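Trainee: Structure in structure tokens, see below.
The values are calculated or read from the model by the stated rules, or taken from the named source; none is laboratory data. As the structure is a prediction and not an experimental result, all values here were calculated from the model. Cβ placement follows ideal geometry from the backbone for every residue including glycine, while neighbour counts extend to all protein chains displayed.
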């Protein structure tokens with residue numbers, strides 16, 4: 001039945017679009033007006049970071065760019081394993097789209113977060129919808145929407161083919177990091193062929209006085225190639241991406257990355273007509289993952305016992321599409337579309353020294369999402385605009401029964417049997433709605449009001465993590481987790497008030513928000529005596545301090561706070577820019593705070609800009625965080641401030657060079673959002689949060705032709 005419904009919805013999208021085309025074909029010149037207006041209005045709702053503007057020398061992980069965006073932040077678990085955070089929510093609660101694809105992570109601990117599939121040196125822009133994300137941006141957007149766009153080149157201006165390219169690279173002193181990337185395009189006005197790629201390598205990073213956080217070395221290769229064609233009003237394209245991540249440390253997790261081998265195929269289509277258009281995206285991904293606890297952590301001084309060696313080989317496959325039509329309605333426009341994705345996961349745990357040992361951690365689990373949405377935007381008079389969107393999502397999940405080695409303890413066998421006897425097939429019918437009002441109070445000041453209802457269904461780990469282990473989807477708190485197949489979906493009710501003020505010299509864009517979440521999914525301490533006993537037997541050999549599991553359950557929570565971006569032009573060449581972010585997350589069912597919520601923080605920069613160069617002094621300030629989760633045994637952290645120096649010089653139209661110093665005074669500091677160290681070979685004590693990078697010099701070069 002669901003496939004029949006999807007087919008009918010697809011026909012409806014196409015029929016609406018073609019009907020509109022038939023009715024308005026005599027007014028083809030309206031196309032640019034409608035599309036450009038829609039894009040500009042969508043653009044106003046985003047905060048965009050251009051990866052080409054002074055971000056050389058930053059860590060290889062694209063996620064780190066989020067620290068340049070108000071309300072956004074990063075949960076750091078390793079050099080390539082950072083989770084996106086926005087206004088207190090992180091991980092799978094945030095809709096993360098890479099070149100039009102909402103990628104599914106293969107790692108059970110999110111060792112391959114979605115933004116990791118958009119390497120920094122191939123990135124064109126990283127965009128975050130400010131505050132409440134429109135329903136058209138994705139199926140589940142309870143924590144917002146982030147969009148990464150790769151550099152894929154441009155069509156030419158004539159029938160003659162032109163060849164263009166870009167080569168960039170940078171060096172980082174702290175971890176001897178070397179990164180380089182390239183882009184090559186051959187294109188005319190109707191055809192474009194591109195190939196782009198990058199490679200990043202680095203050693204373990206140092207912090208204060210050359211102490212070393214081990215293992216934090218990393219290596220990753222990425223290659224993307226494709227083509228696009230224009231035929232009349234039609235445009236279509238194909239692309240293929242190959243990602244290979246090699247041995248990469250993740251000291252906040254119980255294992256390190258041995259490999260990620262990913263293949264991603266995509267196809268896109270666009271039809272322009274009189275006052276609208278159709279866009280379509282189709283994709284398939286297949287990712288193999290390997291991790292273990294001995295290759296990067298075993299030394300002569302600290303060997304891993306043969307019986308305690310563990311390795312895991314998760315796999316993930318996903319297929320999906322998004323189809324949308326846009327058409328005019330009076331002075332406004334409507335977006336109507338359908339989207340879907342179907343994901344599969346497997347994850348087995350073995351011991352390389354004991355062939356008979358095995359655990360089916362996740363066995364042929366599926367999570368399928370089907371959505372349909374309608375979005376209407378219309379002016380009210382000459383000073384106001386209203387947006388209303390509604391979305392329906394049908395989300396199902398299931399898994400096959402699991403199995404384990406017969407030699408494992410009887411208690412664990414009973415837990416397995418109880419899990420297999422539970423209802424392993426679940427479904428949710430979720431409704432999202434968004435209402436926005438923009439009112440232009442005067443030439444310089446606009447008021448924005450927003451309200452929303454957003455939903456999210458449990459992920460694989462929250463539902464089907466049946467065995468008590470340090471597998472949590474990237475929580476990295478050193479605790480043991482167990483899933484719950486009977487979880488309800490989360491429902492958030494959100495309000496936001498914002499102002500946009502700008503003149504020739506000053507801009508300020510503050511936002512205040514409040515989000516109440518019913519059935520918020522949170523690990524809560526297990527009261528099951530058998531489960532607690534078995535967890536101790538399974539986890540104590542690995543040095544886990546607290547073996548009482550946290551069982552994923554539905555609770556209630558509240559997020560509230562404010563964020564602002566503001567700046568002032570001192571002269572034609574000097575300017576000050578700032579970002580301030582404040583968020584608080586609380587449990588409503590008990591007296592506790594939510595885990596891993598960013599403390600209040602500020603980014604200040606003073607920049608001197610000339611025609612072909614600029615230099616900037618950057619101050620990063622974090623307040624102490626003493627609002628911590630007792631449930632997650634979270635520790636408090638002190639405030640800190642560090643200074644960064646950045647500069648860029650454009651030698652000519654085709655070549656530019658960047659240089660800078662991060663953490664100028666080599667200050668030792670602890671980011672509250674860093675994970676808890678689980679590596680026995682690091683200079684960081686077990687159970688302490690991972691420290692931030694020490695002083696780092698960087699040098700980067702970009703060449704275009």
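Trainee: Could you tell me whether any residue of region 205-220 is in contact (Cβ under 8 Å) with a residue 12 or more places away in the chain, closer than 28 Å to residue 282 by Cα and part of a loop (DSSP other than H, G, I, E, B)?
Mentor: Among the residues of region 205-220, not one is in contact (Cβ under 8 Å) with a residue 12 or more places away in the chain, closer than 28 Å to residue 282 by Cα and part of a loop (DSSP other than H, G, I, E, B), which makes the answer no.
Trainee: Name the single residue, out of those in region 502-524 being part of a strand (DSSP E or B) and surrounded by fewer than 16 Cβ atoms within 10 Å (Cβ to Cβ), that is nearest to the chain's Cα centre (by Cα).
Mentor: Per the criteria, the residue is 514.
Trainee: Select from region 327-356 the residues that are within 18 Å of residue 289 (Cβ to Cβ) and surrounded by fewer than 18 Cβ atoms within 10 Å (Cβ to Cβ) and write down the one among them that is modelled with the lowest pLDDT.
Mentor: Residue satisfying both the conditions and the ranking: 352.
Trainee: Something else now. Go through region 527-552 residue by residue and tally those that are part of a helix (DSSP H, G or I), surrounded by fewer than 18 Cβ atoms within 10 Å (Cβ to Cβ) and in contact (Cβ under 8 Å) with a residue 60 or more places away in the chain.
Mentor: 5
Trainee: Name the residues in region 68-93 that are in a loop (DSSP other than H, G, I, E, B) and out of contact with any helix residue (DSSP H, G or I) (no Cβ under 9 Å at 6 or more places or on another chain), would you?
Mentor: Of everything in region 68-93, those that are in a loop (DSSP other than H, G, I, E, B) and out of contact with any helix residue (DSSP H, G or I) (no Cβ under 9 Å at 6 or more places or on another chain) turn out to be 69, 70, 71, 77, 78, 79, 87, 88.
Trainee: Next up: Step by step: first the residues of region 46-67, then only those that are outside any strand (DSSP E or B), at pLDDT below 65 and in contact with a strand residue (DSSP E or B) (Cβ under 6 Å, 6 or more places away or on another chain), then the one that is surrounded by the fewest Cβ atoms within 10 Å (Cβ to Cβ). Which residue is that?
Mentor: 54
Trainee: Considering only region 96-115, state which residues are under 28 Å from residue 467 (Cα atoms), in a helix (DSSP H, G or I) and touching a residue at least 40 places away in the same chain (Cβ under 8 Å).
Mentor: Across region 96-115, there are no qualifying residues.
Trainee: Please enumerate the residues belonging to region 645-664 that are more than 19 Å from residue 701 (Cα to Cα) and surrounded by 19 or more Cβ atoms within 10 Å (Cβ to Cβ).
Mentor: 663
Trainee: For residue 612, work out the one condition from (1) at pLDDT below 95; (2) crowded, with 20+ Cβ neighbours inside 10 Å it doesn't fulfil.
Mentor: Evaluating residue 612 over (1) at pLDDT below 95; (2) crowded, with 20+ Cβ neighbours inside 10 Å leaves (2) as the failure.
Trainee: Exactly one of (1) under 30 Å from residue 297 (Cα atoms); (2) part of a loop (DSSP other than H, G, I, E, B) is unmet by residue 488. Its number?
Mentor: (1)
Trainee: When you look at residue 239, is it at pLDDT 95 or above, surrounded by 17 or more Cβ atoms within 10 Å (Cβ to Cβ) and in contact with a strand residue (DSSP E or B) (Cβ under 9 Å, 6 or more places away or on another chain), yes or no?
Mentor: Yes.
Trainee: Among the residues of region 257-272, are any in contact with a strand residue (DSSP E or B) (Cβ under 7 Å, 6 or more places away or on another chain), at negative phi and not in a strand (DSSP E or B)?
Mentor: No, there is no match, as no residue in region 257-272 is in contact with a strand residue (DSSP E or B) (Cβ under 7 Å, 6 or more places away or on another chain), at negative phi and not in a strand (DSSP E or B).
Trainee: Right, another one. Being modelled with pLDDT of 95 or more and at negative phi is true for just one of 638, 658. Which residue is that?
Mentor: None of the others qualify; the one that does is 638.
Trainee: Please go through region 564-581 and pick out each residue that is within 26 Å of the chain's Cα centre (by Cα) and surrounded by fewer than 20 Cβ atoms within 10 Å (Cβ to Cβ).
Mentor: 564, 566, 577, 578, 580
Trainee: Is at least one residue of region 373-391 modelled with pLDDT of 95 or more and farther than 30 Å from residue 500 by Cβ?
Mentor: no
Trainee: Something else: Considering only region 73-85, I want to know if a residue exists there that is within 9 Å of the chain's Cα centre (by Cα) and within 14 Å of residue 248 (Cβ to Cβ).
Mentor: Looking for residues that are within 9 Å of the chain's Cα centre (by Cα) and within 14 Å of residue 248 (Cβ to Cβ), one finds at least one in region 73-85, hence yes.
Trainee: Of the numbered conditions (1) crowded, with 22+ Cβ neighbours inside 10 Å; (2) over 30 Å from residue 522 (Cβ atoms), residue 642 fails exactly one; give the number of that condition.
Mentor: Here residue 642 clears every test but (1).
Trainee: While we're here: How many residues does region 379-416 hold that are under 18 Å from residue 357 (Cα atoms) and not in a loop (DSSP other than H, G, I, E, B)?
Mentor: 8
Trainee: When you scan region 171-207, how many residues do you find that are closer than 16 Å to residue 62 by Cα and either surrounded by 19 or more Cβ atoms within 10 Å (Cβ to Cβ) or touching a helix residue (DSSP H, G or I) at 6+ places or on another chain (Cβ under 9 Å) (or both)?
Mentor: Selection size over region 171-207: 10.
Trainee: Hey, another quick one. Could you tell me whether residue 611 is within 18 Å of residue 575 (Cβ to Cβ) and part of a loop (DSSP other than H, G, I, E, B)?
Mentor: yes
Trainee: Another question about this same structure. From the list 420, 364, 378, 368, pick out the single residue that is surrounded by fewer than 21 Cβ atoms within 10 Å (Cβ to Cβ) and without any contact (Cβ under 8 Å) to a residue 24 or more places away in the chain.
Mentor: Step by step, each of 420, 364, 378, 368 is checked, and only 420 is surrounded by fewer than 21 Cβ atoms within 10 Å (Cβ to Cβ) and without any contact (Cβ under 8 Å) to a residue 24 or more places away in the chain.
Trainee: If I ask for residues that are within 30 Å of residue 343 (Cβ to Cβ) and at pLDDT below 95, which ones from region 392-411 would you list?
Mentor: Within region 392-411, 408 is the sole residue that qualifies.
Trainee: Which condition number in (1) free of Cβ contacts under 8 Å to residues at least 40 places away in the same chain; (2) in a loop (DSSP other than H, G, I, E, B); (3) within 21 Å of residue 75 (Cα to Cα) is the one that residue 602 fails?
Mentor: Every condition holds for residue 602 apart from (2).
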